[in-house]
Amino acid sequence: MSPEKFEELMMTAMIAGLIAFMAFIVWDLAKKSKAGRFGTMILFLALGLGVLGFVIKTLVIGGLEGV
């Protein structure tokens with residue numbers, strides 16, 4: 001495996017791990033603040049939009065590069 005391929009694979013895996021950890025942090029925040037179902041949904045929606053933007057940006061760049 002070439003170093004470039006390994007770096008790309010590891011970056012993808014680490015970013016996925018970071019996103020999962022951020023989801024855990026939001027869930028823990030909602031639990032500790034006793035936000036309830038609606039509050040938890042709002043927290044995930046508001047704080048998850050940044051993650052969604054990152055995923056969409058990655059897909060758009062991949063589409064433009066023809067990957």
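The values are calculated or read from the model by the stated rules, or taken from the named source; none is laboratory data. All figures in this text were calculated on a predicted structure; none of them were measured in a lab. Every residue, glycine among them, receives a Cβ derived from its backbone with ideal geometry; neighbour counts consider all protein chains shown. Just the protein is used for accessible areas: all its heavy atoms, side chains included, with ligands, DNA and RNA removed. Shrake-Rupley method; radii C 1.70, N 1.55, O 1.52, S 1.80 Å.
Just a yes or no: is a residue in region 19-36 in a helix (DSSP H, G or I), open to solvent by 90 Å² or more (accessible area, probe 1.4 Å) and at pLDDT below 90? The answer is no, given that none of the residues of region 19-36 is in a helix (DSSP H, G or I), open to solvent by 90 Å² or more (accessible area, probe 1.4 Å) and at pLDDT below 90.
Taken over region 43-67, the criterion of being modelled with pLDDT of 85 or more and in contact with a helix residue (DSSP H, G or I) (Cβ under 8 Å, 6 or more places away or on another chain) is satisfied by Leu43, Phe44. Any idea how many residues of region 1-18 are surrounded by fewer than 10 Cβ atoms within 10 Å (Cβ to Cβ) and among the hydroxyl-bearing types (Ser, Thr, Tyr)? Residues that pass the stated criteria total 1.
Being among the β-branched types (Val, Ile, Thr), in a helix (DSSP H, G or I) and over 30 Å from Lys5 (Cβ atoms): is that true of Thr40 here? In short, yes.
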